[in-house]
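What follows draws every value from the coordinates through simple rules; no lab data is involved. The structure displayed is predicted, hence computed values, not measured ones. As a convention, Cβ positions derive from the backbone with ideal geometry for all residues, glycine included, and neighbour counts pool all protein chains shown.
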Amino acid sequence: MSEGLRAQKKHETRKTISDVATRLFIRDGFEDVTIAEIATEARVAKMTVTNHFPRKEDLVFDIRADFTSWPSSLIHDSVFHDTRELYFEALDAQHALAGFSGRGFARMIKQSPVLTNALHELHREREANLSGLLTARHPGDGLRPVLAAAHLTTLLRVLFDDVFDRTIADQPKEAIVDAVWPVAEQAFDQLEPAFGGY
């Protein structure tokens with residue numbers, strides 16, 4: 001088997017396991033589903049599941065790397081202005097990075113203390129990545145780059161949570177975008193005088 005085919009097979013296996021796990025978690029609850037049940041349903045060995053997903057919550061947050069590196073990995077010029085632009089692109093696209101998901105998925109996370117904590121961990125990791133970028137760019141600014149990262153990522157987290165709550169309330173995605181957009185614009189406008197220079 002060529003390297004390309006092997007990588008494709010690995011990706012397909014990972015996606016299948018994640019999809020099966022998410023379906024079972026939504027149906028039965030995160031805490032009530034075992035790794036063995038996921039392996040059986042996905043038709044793989046239990047070790048295959050844990051090789052792809054070392055922690056059970058990783059099965060839910062299979063976009064961890066994308067989530068925690070966003071927006072810092074995509075910033076080219078101004079951290080503040082690029083973050084703002086990237087957020088509105090994600091909101092407009094109804095992307096998972098902005099909090100969009102299915103109602104069952106959002107409810108599953110909100111109802112599980114383990115998943116809620118895991119989501120908070122992802123937000124903290126996102127903040128650390130953005131803080132690292134800002135501190136490296138502005139080494140002589142003391143705590144200001146750290147504060148800028150904290151404010152920006154807190155805004156992203158609060159907006160994410162609002163989208164989640166609206167999803168659980170069964171609001172249509174287009175209505176969520178329409179409701180969140182002006183609030184997000186106002187929030188970014190409020191932060192700009194303090195952190196727009198970054």
Practice problem: Inverting the mean 1/r over all pairs of different Cα atoms, compute the Kirkwood radius of the range 95-198 and quote it in Å. | Solution: 14.9 Å
Practice problem: Show the residues, 5+ positions off or on another chain, whose built amide H is closer than 5 Å to the amide H of I75. | Solution: none
Quiz prompt | Rg/Rg_ref, the range 111-158, where Rg_ref = 2.2 N^0.38 Å and atoms are Cα | solution = 1.31
Practice problem: Find out how many positive minus negative residues lie around A7, taking Lys and Arg as positive, Asp and Glu as negative, among other residues whose Cβ is under 15 Å from that of A7. | Solution: +3
Quiz item: Between rounded, prolate and oblate, where does the range 3-55 land on the alpha carbon gyration tensor, with a ≥ b ≥ c its root eigenvalues, rounded for a/c under 1.5, else prolate if a/b exceeds b/c?
Solution: prolate
Exercise. Among the lysines, select those whose C-alpha is under 22 Å from the C-alpha of K56, and discard any that sit fewer than 8 residues away in the same chain.
Key: K9, K10, K15, K46, K110
Self-check item: Pairwise centroid distance, computed over Cα atoms, of the range 1-57 with the range 151-165, Å
Solution: 29 Å
Practice problem: Work out, step by step, the length gained on full extension between T48 and D28: first 0.36 nm times the residue separation, then minus their alpha carbon distance; give nm to one decimal. | Solution: 5.0 nm
Quiz item: What number comes out for the charge environment of F164, summing +1 per Lys or Arg and -1 per Asp or Glu over other residues with Cβ under 15 Å away?
Solution: +2
Practice problem: Just the Kirkwood number for the chain, please: inverse of mean 1/r across all distinct Cα pairs, in Å, one decimal. | Solution: 18.3 Å
Quiz prompt | Mean ellipticity per residue at 222 nm, deg cm²/dmol - from DSSP H runs of n ≥ 4 across the chain, formula -39500 (n - 2.57) | solution = -24000 deg cm²/dmol
Quiz item: About its Cα centre, how strong a charge dipole does the range 64-195 have in debye, to the nearest 20, once Lys and Arg get +1 and Asp and Glu get -1 at the Cβ?
Solution: 520 debye
Quiz item: How far, in nm, would the chain grow between E89 and E121 when pulled straight, counting 0.36 nm per residue and subtracting the alpha carbon separation?
Solution: 9.1 nm
